[in-house]
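The values are calculated or read from the model by the stated rules, or taken from the named source; none is laboratory data. Quick caveat: nothing in here was measured; it's all calculated off a predicted structure. Here the Cβ is made from the backbone with ideal geometry for all residues, glycine too, and neighbour counts use every protein chain on show. Protein only, heavy atoms only, side chains kept; ligands, DNA and RNA dropped before computing areas. Shrake-Rupley method; radii C 1.70, N 1.55, O 1.52, S 1.80 Å.
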Amino acid sequence: MSVADRCDTALGWSTGRQAWLSRGIRILLSVGAVLLFTGPLITVFSGAFDHNPDPTRLSVLPDEPSMVNFEAAGSKGIWHYLANSLIIAGGALLLQLAVSVFAAYALARKKFRGQAVVLLLILTTMMLPEEVIAIPLSLVIGDLPLVHISLKGTLLGVILPLGAWGFSIFVMTEFMKEIPLELEEAAKVDGAGEFRIFAQIILPLVKPALGVVAVFGFNMIWEQYLLPLIVAADPSDYTLTVALLSLRSDEEVGPGIVLAGALLALVPSLIVYLSLQKSFLRGITTGAIKG
């Protein structure tokens, strides 16, 4: 019996010659799942290029293909908001990856007193809702401790708080723990220093985990709403996510403009996932096997 047949048997599907009924059900379920998950995406794509879209109707192709929605969205400053989002996402993701790698290296490869407490405190930050830390974060951004500089109305005020994320540090830490210590010991015998071991041994082995952290980290940063709203001193400081909400509340803005903005907000996430797909899947698979 093949692997597919064993899987079908475990699920209760018939694997004999009269399996047309189970195959038909599987086809219907597959089609239903595709429509369920791709329906909203098709609506956004079609509506963005339709001159007069109807967001309540599923349309595969626009009835009146046009770029007028993007032109109108551009007049509302959508390209400026997109640029703000890209700068914030790129800078925050690079900073987050650097912080995650170095923090994980210290937590996974070094031994020091209070190590478990430090990791517990990092994980605790993931359990705090954004609304709880909104006011303290606003005060800190308005008057940065020690240097007493206000980051209000700056992109750096959004990038710095997103430079460390408990989930990324936890994933990198657990992945680095699986790297055999014998590799480091052999490198030290050959005369390799701390930085060389980190750069030439540890980093190449954690590339799959970097893909996982990059994909989840980019989506977390890209979907931020409350933080950019706190930091903004003027509507021109908004990110695309915040701008879309303000466009929806504008009575002069039609649904086509909002859908055009939604499509622009969707494209970067797809590009990042498709670019890191192999590394992302390898990291997920490796983690599942080790688990």
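Summary of values
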read-out	value
With DNA, RNA and ligands ignored, accessible area of residue 117 (1.4 Å probe; Å², nearest 10)	90
Potential lengthening between residue 20 and residue 216 on full extension [0.36 nm per residue; Cα-Cα distance subtracted]	66.5 nm
Where GluC sites (Glu not before Pro) in DSSP loops with at most 12 other Cβ within 10 Å are excluded, longest remaining stretch of the chain	1-222
Residue 27 paired with residue 189, simple spin-label distance in nm, labels 7 Å along Cα-to-beta-carbon	6.2
Charge-dipole axis of the chain as Lys and Arg at +1 and Asp and Glu at -1 on Cβ define it, positive-most pick from 34, 179, 219	179
Base-10 log of normalised Debye intensity for segment 116-221 (one unit scatterer per alpha-carbon) at q = 0.10, 0.19, 0.22 Å⁻¹	-0.44, -1.05, -1.18
For segment 113-127, Karplus couplings with θ = phi - 60° (6.51, -1.76, 1.60), whole Hz, Gly/Pro x	5, x, 4, 5, 5, 4, 5, 5, 5, 5, 5, 4, 4, 6, 8
Portion, in percent, of the accessible area of the chain that falls on carbon or sulfur, probe 1.4 Å	68
Helical contribution to [θ] at 222 nm, DSSP H n ≥ 4, -39,500 (n - 2.57), averaged over the chain, rounded to 500	-21500 deg cm²/dmol
Over the chain, relative contact order from alpha-carbon pairs under 8 Å, at least 6 apart, %	26
Accessible area expressed per residue, segment 146-204, with surrounding protein chains retained (probe 1.4 Å, Å²)	57
Separation of alpha-carbon centers, segment 20-49 and segment 75-94, rounded to whole Å	32
Chain lengthening between residue 36 and residue 282 when straightened (0.36 nm per residue, less Cα-Cα)	85.9 nm
Label-point separation, residue 225 to residue 116 (7 Å along Cα→Cβ), nm	3.9
Proximal charge balance of residue 191 [Cβ under 15 Å; K/R count +1, D/E count -1]	-2
For residue 179, distant residues with modelled amide H under 5 Å away	none
